[in-house]
Amino acid sequence: MATAKEIVSFKDVAKIYRGRAAVTDVNITIKEGEFVCFIGTSGSGKTTTMRMINRMLEPTKGTIIFKGKNIKKYDPVKLRRTIGYVIQNNGLMPHMTIKDNITLVPKLLKWSQEKMDQKARELIKLAELPENYLDMFPAELSGGQQQRIGVVRALAADQDIILMDEPFGALDPITRDNLQDLVKHLQETLGKTIVFVTHDMDEALKLATHIVILDGGKVIQDDTPDNILQHPANNFVKNLLGEERLLQAQQDTLSVGDIMSKNPAHITLGKSLSEAIWEMSRHHVDSLLVTDDSKKLKGYIDLETINDHYAKDLSVSDIYANNLIKVRANSYLRDTSERILKQGYKYVPVVDSDNTLIGIVTRASLVNVVFDAIWGKDELENPEDANLPASITEGSEKA
Amino acid sequence: MIGFLNSHGSELIIKTWEQIYIAGFSILLGVIVAVPLGVLLTRFPKTAKYVMSITSMLQTIPSLALLALMIPIFGIGKLPSIVALFIYSLLPILRNTYIGMAKVNRNLVDAAKGMGMTTMQSILKVEIPMAMPIIMSGVRLSTIYVISWSTLASYIGAGGLGDFIFNGLNLYNPSLIIGGTIPVTILAILADYLLGKLEKRITPATKRSEA
Ligand SMILES: Nc1ncnc2c1ncn2[C@@H]1O[C@H](COP(=O)(O)OP(=O)(O)OP(=O)(O)O)[C@@H](O)[C@H]1O
Ligand SMILES: [Mg+2]
């Protein structure tokens with residue numbers, strides 16, 4: 001994937017209708033194997049941009065390069081036979097059987113009957129429909145089944161790039177979900193390049209490896225979904241993404257190190273218990289992390305334990321507990337926050353790759369960041385926790 | 001009735017055949033000209049308006065007058081009758097072809113083109129098959145018109161069942177009039193029935209039960 005070849009590139013492309021620009025200044029590069037979503041509001045130029053790829057529309061300005069050659073050098077009819085095309089409401093021919101619909105392009109290419117039959121069987125299987133459907137007519141299939149055929153038909157002549165214009169717009173959410181899985185499979189498993197027009201951000205984020213955001217005929221942002229979520233180009237993009245997704249995305253890439261407090265209260269193994277008590281009172285805490293002399297994390301010790309075992313000649317190393325959980329500074333918050341919060345730890349020490357104590361994540365600091373987005377308000381109700389002595393044992397888990 | 005058949009039986013067969021010949025030929029010409037013209041016009045919607053109104057105008061010329069107008073150009077006999085009736089057959093076929101083609105789902109035409117059909121392939125494999133029911137109803141309408149109007153062709157010497165009817169009128173002989181009219185009616189009904197069958201055959205199925 002890293003060195004994938006360019007399959008389509010737009011260079012300063014514009015399409016102008018009677019003096020009004022439908023799209024302008026389009027510069028996009030699509031690489032082999034990408035799943036590209038064109039997204040934008042109605043009239044933003046998604047369809048116009050897409051239809052220039054198979055010469056259903058000719059650019060007014062600029063050039064489009066397809067597989068290394070100016071698109072104008074191709075015969076439009078032959079070009080279209082090498083590019084899959086799926087439209088909303090499937091575009092199946094009602095007077096042709098499913099088999100004839102599937103093999104429409106192979107027939108234009110004059111394949112042998114045998115080869116076409118084989119292709120039809122192969123594709124009906126890919127569509128996850130029974131073989132006897134091949135003899136049916138489109139009107140005898142459900143909308144979702146028809147669109148399955150519409151999708152696999154686009155591969156009948158081994159096209160390696162497929163254009164889809166809001167193909168699932170008319171389907172119910174569950175059927176749409178299934179079909180999304182099908183097209184994602186075509187891209188991921190069969191390596192097809194897919195150019196997909198949608199105005200549904202969830203759909204784009206689910207499917208795309210590359211998102212092109214259009215507004216008023218201009219490309220507003222052209223990047224990976226992650227980068228768009230992390231760095232939305234402007235307010236239009238932010239609105240398109242929505243508050244919730246942005247928050248979520250922010251957490252998705254925050255690391256534990258980003259939110260930890262540095263210099264947690266700690267004590268070394270060799271210190272005496274009275275020194276430990278003094279440390280606790282100095283920091284106003286009821287437990288301390290325990291490290292060795294080179295600051296490697298060993299465990300913890302709390303006030304209760306000291307009370308129970310107090311004796312002048314004992315040191316921290318004699319009674320500290322070592323059954324503690326810890327997290328790495330570079331682990332993602334999204335992977336750890338739920339574990340920490342759900343299990344009810346008051347805080348968790350943060351270590352680097354060689355177990356050196358470098359910080360601490362308290363429940364309070366986590367809550368600040370995660371509160372709204374992950375669970376919403378009602379699940380984080382442990383009001384009495386705040387008054388209990390802080391503890392990092394697992395025992396404080398609520399029943 | 002029996003008497004009529006005894007005295008005019010063989011003549012009846014000849015006249016009926018003439019009628020079929022004149023009407024059939026006119027319709028055939030009409031289809032050959034009007035269907036492609038109708039298809040062509042869908043590609044030139046601006047021209048289409050003018051062509052449609054010209055054919056509508058031709059349609060309004062009284063049939064006897066149109067037949068009479070043919071005489072200075074083609075003389076008398078079958079040729080001028082066929083030309084006149086052909087002109088009449090044009091409009092319903094042309095209009096229905098045009099409408100039928102224009103009504104084909106744009107989505108399908110777009111899909112056909114987008115998958116790599118040439119314009120001709122799209123017309124022959126998608127648009128005409130989809131428009132077939134409407135085109136055929138134009139043909140059926142024309143056929144009924146032309147069969148009944150071809151009776152008038154007798155007036156300019158083309159023969160046909162009109163000969164009986166005109167003779168009957170001249171001689172005040174009702175049995176001749178009826179003897180000419182009934183076969184014309186039967187011909188029209190029969191032609192419509194056969195075209196209905198043809199329509200079923202050439203209109204593509206969209207369900208297995210129809211196949
Ligand atoms: N044939 C045409 N003639 C004139 N203007 C057109 C034509 N086709 C599209 N436009 C204009 O170009 C702009 C972009 O249209 P386009 O169909 O690409 O939008 P879209 O993003 O696909 O919208 P939607 O989500 O509604 O499908 C619109 O303002 C539209 O009115
Ligand atoms: Mg569109």
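The values are calculated or read from the model by the stated rules, or taken from the named source; none is laboratory data. The model shown is predicted, which means the values in this text are computed figures rather than measured ones. Reconstructed Cβ throughout: ideal geometry from the backbone, glycine too, with neighbour counts over all protein chains shown. Heavy atoms of the whole protein, side chains included, go into the accessibility calculation; ligands, DNA and RNA do not. Shrake-Rupley method; radii C 1.70, N 1.55, O 1.52, S 1.80 Å.
From the list A:Thr41, A:Thr82, the lone residue that is within 24 Å of A:Thr198 (Cα to Cα), within 16 Å of ligand 1 (Cβ to nearest atom) and polar (S, T, N, Q) is A:Thr41.
Conditions tested, residue by residue: (1) aliphatic (A, V, I, L, M); (2) in contact (Cβ under 8 Å) with a residue 60 or more places away in the chain.
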position	(1), (2)
B:Val83	yes, no
B:Ile93	yes, yes
B:Met101	yes, yes
B:Leu108	yes, no
B:Met115	yes, no
B:Thr118	no, no
B:Ile123	yes, yes
B:Val126	yes, no
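As a summary of the residue check, B:Gly138 satisfies the conditions (1) small (Gly, Ala, Ser); (2) closer than 26 Å to A:Asn101 by Cα; (3) open to solvent by less than 50 Å² (accessible area, probe 1.4 Å) except for the one numbered (2). Test A:Val36 against the stated conditions and say whether it is within 16 Å of ligand 1 (Cβ to nearest atom), in the same structural domain as A:Thr209 (by TED's automatic domain parsing), in contact (Cβ under 8 Å) with a residue 60 or more places away in the chain and more than 27 Å from the chain's Cα centre (by Cα). When the stated conditions are applied, A:Val36 does not pass them. For segment B:124-211, the helices (runs of 4 or more DSSP H) that sit wholly inside it and include 1 or more residues that are within 19 Å of B:Pro36 (Cα to Cα), over 18 Å from the mean Cα position of the chain (by Cα) and of a type in the set (Val, Ile, Thr) are B:128-149. Checked against (1) under 27 Å from A:Asp215 (Cα atoms); (2) in contact (Cβ under 8 Å) with a residue 24 or more places away in the chain; (3) away from ligand 1 (no atom under 14 Å from the Cβ), A:Leu108 passes all but condition (1).
Is there a residue in segment A:4-11 that is over 27 Å from the mean Cα position of the chain (by Cα) and more than 20 Å from A:Leu207 (Cβ to Cβ)? There is at least one residue in segment A:4-11 that is over 27 Å from the mean Cα position of the chain (by Cα) and more than 20 Å from A:Leu207 (Cβ to Cβ). The criterion of at least 2 residues that are of a type in the set (S, T, N, Q) and touching a residue at least 12 places away in the same chain (Cβ under 8 Å) is met by the following helices (runs of 4 or more DSSP H) wholly inside segment A:218-260: A:243-253. Screening segment A:154-178 for residues that are surrounded by 17 or more Cβ atoms within 10 Å (Cβ to Cβ) and over 28 Å from A:Trp111 (Cα atoms) and picking the one that is nearest to ligand 1 (Cβ to nearest atom) gives A:Glu166.
Counting only helices (runs of 4 or more DSSP H) that sit completely within segment B:37-111, those holding 1 or more residues that are more than 14 Å from chain A (Cβ to nearest Cβ) and basic (Lys, Arg) correspond to B:45-60, B:78-103. Could you say whether any residue in segment A:134-153 is open to solvent by 10 Å² or more (accessible area, probe 1.4 Å), more than 14 Å from chain B (Cβ to nearest Cβ) and more than 20 Å from B:Leu108 (Cβ to Cβ)? No, because not a single residue in segment A:134-153 is open to solvent by 10 Å² or more (accessible area, probe 1.4 Å), more than 14 Å from chain B (Cβ to nearest Cβ) and more than 20 Å from B:Leu108 (Cβ to Cβ). Among the residues examined, A:Asp117 does not qualify as farther than 19 Å from A:Ile7 by Cβ and within 12 Å of chain B (Cβ to nearest Cβ).
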